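The values are calculated or read from the model by the stated rules, or taken from the named source; none is laboratory data. Owing to the predicted nature of the structure, the values given are computational and were not obtained by experimental measurement. Positions of Cβ are generated from backbone atoms using ideal geometry, with glycine treated the same way; all protein chains shown enter the neighbour counts. All accessible areas refer to the heavy atoms of the entire protein, side chains included, with ligands and DNA or RNA removed. Shrake-Rupley method; radii C 1.70, N 1.55, O 1.52, S 1.80 Å.
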Amino acid sequence: MRTVELVCDPALEATVRAAWDRLAAVGLPSLARNIHPTNRPHLTLAAVDAFPPGAQARLAALCAAALPLPTDLDRITVLDGSAPLVWLVRPTPALTALHAGVWAVLSAAEGRRPWHEPGRWIPHLSLALRFRDADRRRARAVAGAARPTGAFVAARSYDGETRTVTPLGGQAVGPRPA
């Protein structure tokens, strides 16, 4: 699987990581427990089995032209399906246009994940996976009721087979902060 993801500015990333840490500290599921160096707060725009020929360069140009992209986080909730606990991202016209552009580039890709497609996509930053809806209230209290602002400053692609990331534009995307 290959993804197209947007990475947060340092302050917004620190805010999300602090929420991860608070969730873990009280024994709730949290992405703070994922210590892989590629694990960092991000917004997934698309996921496909593989990029079609030429798509990576086109995605990099598209993302580089759109970034940085200001963003506002909204409420914390539990999504249906695999039940991740997420911090919703308010979709702006610029974010929606970038998302549509990414999907236009990937129109010939096989194995497109339908939950990321325009019209079905719910923009969010994940806080925990496989979360029980019954713990949602407690998680909101622990993670924080604030609705932070920030920016997406870089794009990357995660390769699920090799568990590596490739930059796709914007500011340099280094390893996860210590």
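Evaluating kT/(6 pi eta Rh) at 4 °C and 1.567 mPa s, with the Kirkwood radius of region 10-65 over Cα pairs in the Stokes-Einstein relation, gives 94 µm² s⁻¹.
Rolling a 1.4 angstrom probe over the protein heavy atoms with all chains in place gives region 16-174 an accessible area of 49 Å² per residue.
Defining a contact as two alpha carbons under 8 Å apart and six or more residues distant in sequence, what relative contact order in percent does region 1-159 show? Please report the intermediate quantities before stating the final value.
On the way: 288 pairs, mean separation 66.9, N = 159.
Once normalised by length, the contact order is 42 percent.
With a ≥ b ≥ c the root eigenvalues of the C-alpha gyration tensor of the chain, is it rounded (a/c under 1.5), prolate (a/b larger than b/c) or oblate?
Values: a/c = 1.63, a/b = 1.57, b/c = 1.04.
Prolate shape, in that a/c is at least 1.5 and a/b is the bigger ratio.
For region 15-80 versus region 91-133, the spacing of their alpha-carbon centroids is 11 Å.
One chain, two ends: residue 14 and residue 90. Fully extended at 0.36 nm per residue, the span grows by 25.5 nm beyond their Cα-Cα distance.
Tell me the relative contact order for region 49-143 as a rounded percent, counting alpha carbon contacts under 8 Å between residues six or more apart. Mind showing how you got there, number by number?
On the way: 106 pairs, mean separation 34.3, N = 95.
Taking the mean separation of contacting Cα pairs over the length of region 49-143, I get 36 percent.
Applying 1/(1 + (r/R0)^6) with R0 = 35 Å to the Cβ-Cβ distance of residue 162 and residue 75 gives a FRET efficiency near 0.50.
Indicate the gyration tensor shape class of region 20-114 (rounded, prolate or oblate), computed on the Cα atoms with a ≥ b ≥ c the square roots of the eigenvalues: a/c under 1.5 is rounded; otherwise a/b larger than b/c is prolate and the rest oblate. Can you show the working numbers first?
Values: a/c = 2.04, a/b = 1.67, b/c = 1.22.
It comes out prolate by the Cα gyration axes.
Carbon-plus-sulfur fraction of the accessible area of the chain, 1.4 Å probe, in percent?
Numbers: 4900 of 8660 Å².
For the chain, the apolar C and S fraction of the accessible surface comes to 57 percent.
Over region 99-174, what is the mean sequence separation of C-alpha contacts under 8 Å (at least six apart), divided by residue count, expressed as relative contact order in percent?
On the way: 37 pairs, mean separation 12.2, N = 76.
Computed over region 99-174, the figure is 16 percent.
For a paramagnetic label modelled on residue 171 (point 7 Å from Cα along Cα→Cβ), amide N atoms under 19 Å away belong, within region 1-44, to 5-19, 38-44.
Entry note, the chain: the mean residue ellipticity at 222 nm calculated from DSSP H runs of n ≥ 4, each adding -39500 (n - 2.57), is -8500 deg cm²/dmol after division by the residues and rounding to the nearest 500.
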